[in-house]
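The values are calculated or read from the model by the stated rules, or taken from the named source; none is laboratory data. As the structure is a prediction and not an experimental result, all values here were calculated from the model. Virtual Cβ from ideal backbone geometry, glycine too; neighbours counted across all protein chains shown. Please note that ligands, DNA and RNA were not included when accessible areas were found on the heavy atoms of the full protein model with its side chains. Shrake-Rupley method; radii C 1.70, N 1.55, O 1.52, S 1.80 Å.
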Amino acid sequence: MEKDKTVAWTELHLEQWKLHIAATPKGLCYVGSPGAPFEELAEWVSKRLPDYEVVEDEKTLEHYARELKEYLEGRRKDFSMAVDLHGTAFQQSVWEALLGIPFGETVTYSKMAERLQKPSAVRAVASAIGANPVMIAVPCHRVIAKNGKLAGFRGGLEMKEKLLLLES
């Protein structure tokens, strides 16, 4: 298998969470849900990167793991790591917009739809946000419901609340 067709992965232990992270040679491509089995990552790779080989490689992921840990310890506000996002063109436009939400700020799903110049596509925008493969580094946790309540987060609402508290 060619080196540029590999997805390196490792298991990351962050506070009370255990999650799988993965990267291609281009950047971090996946942050798994807390406590989810390896199969969640394997299924994502088979769907999004079917011709890639999945290889456990803690060393390759050290930089990504360090930045995620520093963020969760309150020692980092911005990520310098590269991300390699795999999704539809629409999903990628939504994920790019997520990267523009500053640390410590939140926006509503409808405001995100407006920013993307698709004000009537709130559900589609919310669906794309929910499909974000690189949670935490691509800050989907910063998007909340119009009424100010926490809604929909692949990592669970407890994790979303903790991430938002960390940033407040």
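Tabulated values for the structure
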{"quantity": "Any hit, the range 44-59, residues being loosely packed, with under 15 Cβ neighbours inside 10 Å, touching a Gly at 6+ places or on another chain (Cβ under 9 Å) and either assigned to a strand (DSSP E or B) or at pLDDT 95 or above (or both)", "calculated": "no"}
{"quantity": "Condition check for LEU19: within 22 Å of ILE129 (Cα to Cα), open to solvent by less than 70 Å² (accessible area, probe 1.4 Å) and of a type outside the set (Asp, Glu)", "calculated": "yes"}
{"quantity": "Filter result (open to solvent by 20 Å² or more (accessible area, probe 1.4 Å) and in contact with a Leu (Cβ under 6 Å, 6 or more places away or on another chain)) within the range 148-160", "calculated": "LEU150, LEU157"}
{"quantity": "Condition met for GLN117 (under 15 Å from TYR30 (Cβ atoms) and either free of Cβ contacts under 8 Å to residues at least 24 places away in the same chain or part of a helix (DSSP H, G or I) (or both))", "calculated": "no"}
{"quantity": "Candidates ARG76, ARG66 - the one that is open to solvent by 50 Å² or more (accessible area, probe 1.4 Å), closer than 22 Å to LEU164 by Cβ and over 15 Å from the mean Cα position of the chain (by Cα)", "calculated": "ARG76"}
{"quantity": "Matching residues in the range 63-93 - criterion: being under 29 Å from ASN147 (Cα atoms) and touching a Ser or Thr at 6+ places or on another chain (Cβ under 9 Å)", "calculated": "GLN91"}
{"quantity": "Among the candidates ALA137, ALA124, ALA145, residue that is open to solvent by less than 30 Å² (accessible area, probe 1.4 Å) and over 22 Å from LEU28 (Cα atoms)", "calculated": "ALA145"}
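Every residue, every condition in (1) closer than 18 Å to HIS20 by Cβ; (2) among the aliphatic types (A, V, I, L, M), yes or no:
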residue	(1), (2)
GLU40	yes, no
GLU67	yes, no
VAL83	yes, yes
GLU96	no, no
LYS111	no, no
SER127	no, no
